[in-house]
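Working notes for the structure below.
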Amino acid sequence: MFSLEEEEPGKSIAFKTDRGDVGFQSIRQFKTKILICEAGRDRERYTVQNQYDEYSVTEQKVVYEIPYWGIVGLLDLGFARFLFIVTKRRLVSATADFVVYSPTQVKALPVWRRVVPLSLDEEEHERLTLKQFSDEFTAGDKFYSLDIDLTNGPQSTLGAGLQTLSTNDDVKGYFANINQRFFWNHHLLEPFLSTNTMQFILPLTCGYVGSTVIELDGPPVKFLLVSRISKKRVGTRFWRRGVNEDGHTAMEAETDVTLIKGDKIASFCLLRGSVPLFWKQNLLVDPIKVPLIDLTETLSPESKNAMRKHFDMLMGDYGDAVDIIDMIDRSKRGPTAELSYCYEKAVQELSHPKIKYMKRQPVNTSQATEPFMRDIPSLVQRQGFFLADMNHSKITHVLKRQQGIIRLNGLDCVDETTLAQYYISLHTIAILLKELGVWMPSRSKFDDRSLSKIKDLWTDMGDALSMYYTGTPMRNRYKIRESVMDTFISPVYSVYVDLCRLYLAGFADYKKQDTRDLLNDNLIFSSKPDTPQSKSPVLKPIKASVNDQIYLRRRLQRFESCQPIYLSAFYIIRRFTSPLEIKRTSQFIAAMIWLFLYWCLVHILGYPMKSIARRPKDQIEIHELPELFVKEPHGVDIAIRKWRQGQINITSAKTNDLTKVIEEISDPRPREDPPVSAVEPKEGSLLPPLNTSNRSRSVGDMVKESPLKPLATPRLLSLPPTKSPERKPLEEPKMLLSGLAVEIEEEEEPHLLEFRASSFAGPTFFLG
């Protein structure tokens, strides 16, 4: 049993479990640290702060205390449930009206666990899943605030933008207007949202939050830079490209440049995202080469329809004016340039009067930067900006609104896109400062101190978004900082980043991709083919359950163990030594060693890249993996609860591979057998379906059809009914009948039977 109840409305809640209660107080009531005390181990009751359980009120019963800043998720594994709470946090930005934090440590608090002991596979799945979620929550790119809405910008059409949340009354309004695109842990917080217990949870936003103070020709101005990554098509480089059927693109990030001066707020919004067409880049053919781009469906009607949905959403969220800046490099012929041409052709065929397409080369050279800088004033003038009056972080009166959005894209949407947005923001910040009255007409540029602060924020933001998508910092960060040292080492640094990205994309990003899909309940598997004998079987995508994930992990382990001994040893060593991130020199050296080993396997030993690459679960072709070798059962397993002369009652029965269910065996007298049910697997499950064709067959029929030679001729249970002598009541026994060759012996007392099994292979399941 497991339930969530609100004990005191707006003040405290409790999880009602079989093992006790877990109580929490509202994190928004006092904004202070709340201590959870696990008290009364004999009753296993959990209470809050210095209040102890009603059964034992002594302080000696307190086991430990946990600093608690809020709940970020409730994870349900089927056999256990865990509550993720923030125990440590890092201050990111602070003003007189709002504070922003980032979780640095979370704790998985078990609130329910199945009574039946877990299998080894379930224990491993629990350990790996908790580690994945903890790492994702504390990756440094998740942020929350109890004071402002980080999912909405100041001019968002979904809410009032900066909204104070210091009291419990403001929380319901906040969650009513929250932007679901940027509410990353929404799936894990659904139990709280459905029970109106929002006072205890922390909505997380993924991206970047940074702030500084700019001082020019007047009072200081607060500069806030916020980037939000959409959760609708989450993923990593190479594994998430293009647009999905609903119109959401990969690496879709909204960036707000906000300036606050006293009771005035000014803002300008930018957007980046992958090319909104169907295209892929996940075909790994060589460890040291970038995967080829697949454009087979790029100009299909379905792809163009998805692009139309994407732009309709943009115009609904930001305004009618959509300016597209395509920054994919066309200087070299190939699939990359062809993707850019396809994008331009699709937009022209769309022929929307409010959508304007502009092609520009990546601003990595002065020849490409100068014409781009000349276009910025006209772009900003067409879009406008946001200006409003504000009182204690609440927008009271809107003076101006931005008319639309500038959407930039590159191939990866991290390096060239960040640099282009930085140039646009420099021009926009100057305009906003003039509106706020702190930029004098005689001033022509920023002073060195203010410009350095802006550069630092944009470099940190570019690194954060690049770390999210590629696992490395921004490749051209020296273009923003413009320091002599960065320019000198830039060629070496570019090679370092390229090598790191090649290794991470093919051999490490798979785990981050799986975690993000699980976090958003978006993990999809390709099921077994409908016709295994067919040359082109039809694969049905299914949403992966916990059992499906365990089943796939076992098949992958089986695949690795089926390889030659030296390759199997390679897989085992890789599991424990290959780095999954590169943040230190030692990790880079290890990654390069493994990259060299991969190259040797492909080019010297001739192994295909497909067999050694580490792919996310949704990219694994399950039907190509070897089946788990489970021996066919030689008999049936029957759990017997009680027996007497002339009659045997079987409460439940099944074979070793869960394929046969035996009905009750009775004496010759006609009697109605109780129904026997078998639990069929859910539709779309990877587990094999039950075969119930043998439900009405008797044990004797199975023995007769057995290919094995029986140890003795079995006698069917057809003894004449006689009155059993009185005897002491026995405990309800359980016996196991297994094996096709069965010997039946009669004891001295004629009303008891003994079963002995032989020729048994495979695991045994006890039921009843």
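Miscellaneous remarks
- Heavy-atom SASA rank of Leu188, Leu556 (probe 1.4 Å, accessible area, largest first): Leu556, Leu188
- Under 5 Å, built H, 5+ apart or other chain: amide partners of Gln281: Asp294
- Extension gain, Arg382 back to Arg574 (0.36 nm per residue minus Cα-Cα distance, nm): 63.7 nm
- A cut-off under 14 angstrom between Cβ atoms defines the neighbours of Leu339, and their net charge, with Lys, Arg +1 and Asp, Glu -1, is 0.
- The His187 and Ser442 beta-carbon pair, evaluated with R₀ = 51 Å, returns a calculated FRET efficiency of approximately 0.40.
- Annotation note: GluC sites (Glu not before Pro) in the stretch 540-623 located in DSSP loop regions with a Cβ neighbour count of at most 12 within 10 Å are Glu621.
- At full extension, Ser452 and Ser483 could sit 10.1 nm farther apart than now, given 0.36 nm per residue minus the alpha carbon distance.
- Between Leu109 and Leu83, Phe84, Ile85, the built amide H atoms are under 5 Å apart, and every one of these is 5 or more places off in sequence or on another chain.
- Descending semi-axes in whole angstrom, ellipsoid equivalent of the stretch 538-619, from the Cα gyration tensor: 26, 17, 13
- Summing charges over neighbours of Val414, with a neighbour being any other residue whose Cβ is under 9 Å away from its Cβ, gives 0 when K and R count +1 and D and E count -1.
- For the set Lys88/Lys511; Lys304/Lys394; Lys289/Lys512; Lys232/Lys356; Lys232/Lys304, the pairs lying more than 29 angstrom apart at their alpha carbons are Lys304/Lys394.
- In range of the label at Met315: residues from the stretch 324-361 whose backbone nitrogen is under 17 Å from the point 7 Å along Cα→Cβ: 324-325, 346-358
- Quarter the surface of the alpha carbon convex hull of the stretch 366-468 and you get the mean projected area, 8.7 square nanometres.
- Rounded if a/c under 1.5, otherwise prolate or oblate - the stretch 147-294, Cα gyration tensor axes: oblate
- Across the alpha-carbon set of the stretch 238-287, the Rg to Rh ratio works out to 1.27, Rh being the Kirkwood radius.
- Heavy-atom accessible area order for Met251, Met440, largest first, 1.4 Å probe: Met440, Met251
- Per-residue SASA entry for Arg501, accessible area with 1.4 Å probe, Å² rounded to 10: 10 Å²
- Of the whole protein surface, Tyr607 contributes about 40 Å² of accessible area at a 1.4 Å probe radius.
- Cα→Cβ-extended label distance, 7 Å offset, between Thr296 and Ser494, nm: 3.4 nm
- Local electrostatic count, Val285, Cβ distance below 14 Å [Lys/Arg +1, Asp/Glu -1]: +2
- Residues within the reach of a label modelled at Lys172 (point 7 angstrom out along Cα to beta-carbon, backbone nitrogen below 15 Å), restricted to the stretch 181-211, are 193-200.
- Computed label-point distance, nm, for sites Cys562 and Val285 using a 7 Å Cα→Cβ extension: 2.6 nm
- Separation between Cα centres of the stretch 185-210 and the stretch 291-324, rounded to whole Å: 29 Å
- Residue by residue, the stretch 317-325 carries 3J(HN,Hα) couplings of 8, 10, x, 6, 7, 10, 9, 9, 10 Hz when phi is fed to the Karplus relation 6.51 cos²θ - 1.76 cosθ + 1.60 (θ = phi - 60°); x denotes Gly or Pro.
- Estimated inter-spin distance, Ser611 and Gln105, nm [label 7 Å along Cα→Cβ]: 4.6 nm
The values are calculated or read from the model by the stated rules, or taken from the named source; none is laboratory data. Computed from a prediction, not measured in an experiment: that's the story for all the values here. Positions of Cβ are generated from backbone atoms using ideal geometry, with glycine treated the same way; all protein chains shown enter the neighbour counts. Surface areas here come from the heavy atoms of the whole protein model, side chains and all, with no ligands, DNA or RNA. Shrake-Rupley method; radii C 1.70, N 1.55, O 1.52, S 1.80 Å.
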